[in-house]
1. So which of E211, E166 is assigned by TED's automatic domain parsing to the domain that holds V40 and exposed (fewer than 12 other Cβ atoms within 10 Å of the Cβ)?
2. Determine whether the range 184-198 contains at least one residue that is closer than 18 Å to F39 by Cα and either buried (at least 20 other Cβ atoms within 10 Å of the Cβ) or outside the structural domain of S114 (by TED's automatic domain parsing) (or both).
3. If S223 meets every condition in (1) at pLDDT below 95; (2) farther than 24 Å from V63 by Cβ; (3) assigned to a helix (DSSP H, G or I); (4) not charged (D, E, K, R) apart from one, which number is that one?
4. Quick one: would you say I97 is closer than 30 Å to V209 by Cβ, touching a Ser or Thr at 6+ places or on another chain (Cβ under 7 Å) and surrounded by fewer than 16 Cβ atoms within 10 Å (Cβ to Cβ)?
5. Collect the residues in the range 136-147 that are in contact (Cβ under 8 Å) with a residue 12 or more places away in the chain and either part of a loop (DSSP other than H, G, I, E, B) or hydrophobic (A, V, I, L, M, F, W, C) (or both), keeping them in residue-number order.
6. State yes or no: is A227 of a type outside the set (S, T, N, Q) and closer than 30 Å to T24 by Cβ?
7. Being surrounded by 15 or more Cβ atoms within 10 Å (Cβ to Cβ), part of a helix (DSSP H, G or I) and at pLDDT 95 or above is the filter here; which residues of the range 115-134 pass it?
Amino acid sequence: MKLVTATTTIPFWYKSANAATPITMQAAWINDAEFAGYFVAIDKGYYKNEGLDMTYLSGGPDVIPESSIITGKADLALTTPDTTIKAIAEQGAKFKIIGAQYQKNPIGIVSLASNPIRSPKDLIGKTIAIPPVNVISVDAMLKINNIDKSKVKIVPYSYDPTPLIEGEVDASLDFTTNVPYTIKMLGKKATSFLLYDFGFTIFNDTVVVTEEVLKTKRKQLISWLRASRKGWDENFKDPS
């Protein structure tokens with residue numbers, strides 16, 4: 001088994017052939033190891049075996065996953081739960097969360113080992129780069145840990161570790177499952193801690209559908225979840 005990485009050639013959409021019922025998923029980010037289980041499920045024919053013709057749409061910094069299901073471009077989307085929950089609570093969005101890829105959120109604070117930030121209190125007086133969509137998560141984590149937000153300088157983050165490596169910021173909010181390795185490849189050593197380990201216990205890559213799709217495609221969604229789980233189980237057997 002080979003783990004699909006960002007260097008693997010996969011188009012921005014990826015479709016499994018010869019299946020009966022079309023279903024389209026919108027990923028939350030670009031093609032990388034974060035979504036390996038779905039690629040394995042496609043390659044192994046798990047969706048096809050469930051009677052599904054599965055189309056995979058890649059995400060990216062300019063893709064809002066929720067928009068894909070609102071417009072009907074996709075039947076389901078992987079989302080950041082913060083934005084989905086906020087849309088439901090504040091805007092009355094007709095979304096339903098039917099699953100979660102990450103039971104323990106891998107988002108965390110990444111810093112250089114030469115200037116380590118190991119806990120929320122270490123953020124006081126520091127500058128941290130955060131994607132706008134994730135500011136709400138850090139705000140919540142700071143509040144949970146009784147840290148005054150005004151004592152932490154937050155600047156926008158464009159998913160590029162260069163400012164951290166060059167010392168322009170003290171830390172960034174990133175997926176701890178891959179960014180520390182990216183930094184290592186660039187010649188530096190990173191350290192990190194999870195927001196989850198400091199009270200912000202929320203899932204990530206939540207599987208979201210509209211209420212209408214849940215009503216009309218419930219059977220297909222269950223089949224999709226089952227096939228996806230098989231893909232992840234297979235990937236875990238050999239994640240190398």
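1. Among E211, E166, only E211 is assigned by TED's automatic domain parsing to the domain that holds V40 and exposed (fewer than 12 other Cβ atoms within 10 Å of the Cβ).
2. No, the conditions are met nowhere in the range 184-198.
3. (1)
4. In short, yes.
5. If the condition is that a residue be in contact (Cβ under 8 Å) with a residue 12 or more places away in the chain and either part of a loop (DSSP other than H, G, I, E, B) or hydrophobic (A, V, I, L, M, F, W, C) (or both), then I136, V138, A140, M141, L142, I144, N145, I147 are the ones that fit.
6. Spelling it out, A227 is indeed of a type outside the set (S, T, N, Q) and closer than 30 Å to T24 by Cβ.
7. Once the filter is applied, which keeps residues that are surrounded by 15 or more Cβ atoms within 10 Å (Cβ to Cβ), part of a helix (DSSP H, G or I) and at pLDDT 95 or above, the range 115-134 yields P120, D122, L123.
The values are calculated or read from the model by the stated rules, or taken from the named source; none is laboratory data. None of these values were measured; they are calculated from a predicted model. Glycine gets a Cβ as well: all are built from the backbone with ideal geometry, and neighbour counts include every protein chain shown.
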